[in-house]
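Chemist: If you scroll down you'll find the structure; I have some questions about it.
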Amino acid sequence: MSHLVKIPKMERSEYDQLLFENHVSRIAFTREDRPYIAPFIYVFDGKHLYFLPSRYGKKMELFKHNPHVAVEIEDVAHDMSRYRFITLSGKLEEVTKPEKARQVREMFANLIQSGRLSENALKALGIDSAESISRILDADRSLVWELRNLTDIVALKDTA
């Protein structure tokens, strides 16, 4: 009989580091019996994840129907010699306070201005790359979502 090897869990400090170091996630939405997964750029402020979705598309319909989601973030070597991933289950909520929404938009702009993300990321945020990074600050372009009310966190890593 072979022994089942379990993937080790990450400590809070380890998965916080993963969240700070990465900026691409996948969000799984549900509607009845059909899941839908979409990639999203995110920022992490040390407490919450924030997303900047455009105001159109299937994600908006799914968000309105059921804001409970699972968010997955990973850091994986191409050959799987190294891997870390986290799945957070919670609820997306729209940030409606203008000052908070602007702070989050500034965090996204800073990611690009600092060079942590390429200006090509503007397209993923619904902004033409010929436009100024400051267009991220325009509230008419996108919403601001915050992941709240976490019900489950699964954070695993390789054994190396």
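Chemist: Just to be sure I understand the curve: with the Debye formula and one point per C-alpha of region 16-56, what is log10 I(q)/I(0) at q = 0.24, 0.26, 0.35 Å⁻¹?
Modeler: -0.86, -0.92, -1.18
Chemist: For region 7-160, with the dipole built from +1 on Lys and Arg beta-carbon atoms and -1 on Asp and Glu ones, taken about the Cα centre, which of Gln103, Ser129, Phe44 lies farthest toward the positive end?
Modeler: Checked the options; the winner is Gln103.
Chemist: Can you give the helix-only mean residue ellipticity at 222 nm for the chain, where every DSSP H stretch with n ≥ 4 adds -39500 (n - 2.57) and the sum goes over all residues, rounded to the nearest 500 deg cm²/dmol?
Modeler: It comes out at -7000 deg cm²/dmol, rounded to the nearest 500.
Chemist: Separate question: What does the charge count near Ser25 come to, summing +1 for each Lys or Arg and -1 for each Asp or Glu among other residues with Cβ under 10 Å from its Cβ?
Modeler: That sum, taken over residues with Cβ under 10 Å, equals -1.
Chemist: By the gyration tensor of its Cα atoms, with a ≥ b ≥ c the square roots of the eigenvalues, what is the shape of region 93-160: rounded for a/c under 1.5, prolate for a/b over b/c, or oblate?
Modeler: Values: a/c = 2.59, a/b = 1.33, b/c = 1.94.
It comes out oblate by the Cα gyration axes.
Chemist: While we're on this one: Once you charge only the Cβ atoms, +1 for Lys and Arg and -1 for Asp and Glu, what is the size of the charge dipole of region 18-160 about its Cα centre, to the nearest 20 debye?
Modeler: The calculated dipole for region 18-160 is roughly 240 debye.
Chemist: Holding the Cα-Cα limit at 29 Å, pick out from Lys59/Lys97; Lys9/Lys97; Lys64/Lys123; Lys9/Lys64 the pairs that are longer than that.
Modeler: Those over the limit are Lys9/Lys97; Lys9/Lys64.
Chemist: Tell me, what % of the accessible area of region 2-160 is carbon and sulfur with a 1.4 angstrom probe? All intermediate terms of the calculation are to be shown ahead of the outcome.
Modeler: Values: 4710 of 9390 Å².
Using a 1.4 Å probe with all protein chains present, region 2-160 comes out at 50 percent carbon and sulfur.
Chemist: Starting at the first residue of region 84-90, write each ³J(HN,Hα) from the Karplus equation 6.51 cos²θ - 1.76 cosθ + 1.60 with θ = phi - 60°, in whole Hz, x for Gly and Pro.
Modeler: For region 84-90, the Karplus curve yields 8, 8, 9, 10, 10, 9, x Hz.
Chemist: I'm a student and want to see the number: the projected area of the Cα convex hull of region 31-100, averaged over all directions, in nm².
Modeler: 6.4
Chemist: In region 1-82, which GluC sites (Glu not before Pro) fall in coil by DSSP and have 11 or fewer other Cβ atoms within 10 Å?
Modeler: Values: sites: Glu11, Glu14, Glu21, Glu32, Glu61, Glu72, Glu74; in loops: Glu11, Glu32.
Qualifying residues, ordered by number: Glu11, Glu32.
Chemist: Which one, Pro35, Pro67, Pro53, has the greatest fluctuation when you compute a Gaussian network model over the chain with C-alpha springs under 10 angstrom?
Modeler: Pro35
Chemist: To two decimal places, what compactness ratio does the chain give when its Cα radius of gyration is scaled by 2.2 N^0.38 Å?
Modeler: Rg over 2.2 N^0.38 Å, computed on Cα atoms: 1.11.
Chemist: Here is a further query. Summing Lys, Arg as +1 and Asp, Glu as -1, what charge do residues with Cβ under 15 Å from the Cβ of Lys64 carry, Lys64 excluded?
Modeler: +1
Chemist: Another question, if that's okay. Which order do Ile7, Ile133 take when ranked by solvent-accessible area (1.4 Å probe, heavy atoms of all protein chains), largest first?
Modeler: From most accessible down to least: Ile7, Ile133.
Chemist: Something else now. Where Lys and Arg each count +1 and Asp and Glu each count -1, what net charge lies around Ile127 among other residues with Cβ under 13 Å from its Cβ? List each step's numbers first, then the result.
Modeler: On the way: positive: Arg55, Arg105, Lys123, Arg135, Arg141; negative: Glu119, Asp128, Glu131, Asp138, Asp140.
Result for the local shell: 0.
Chemist: Alpha carbon centre of region 115-134 versus region 49-97: separation in Å?
Modeler: 19
Chemist: Where a ≥ b ≥ c are the square roots of the eigenvalues of the C-alpha gyration tensor, would you call region 68-123 rounded, which needs a/c under 1.5, or, failing that, prolate if a/b is larger than b/c, or oblate? Display every interim value, and only then the final one.
Modeler: Details: a/c = 3.28, a/b = 1.32, b/c = 2.49.
Oblate, since a/c reaches 1.5 and b/c is not below a/b.
The values are calculated or read from the model by the stated rules, or taken from the named source; none is laboratory data. Keep in mind that this is a model prediction, so the values were computed, not measured. All Cβ positions, glycine included, derive from the backbone under ideal geometry; neighbour counts span all protein chains shown. Accessible surface is based on the protein model in full, side chains and every heavy atom, while ligands, DNA and RNA are left aside. Shrake-Rupley method; radii C 1.70, N 1.55, O 1.52, S 1.80 Å.
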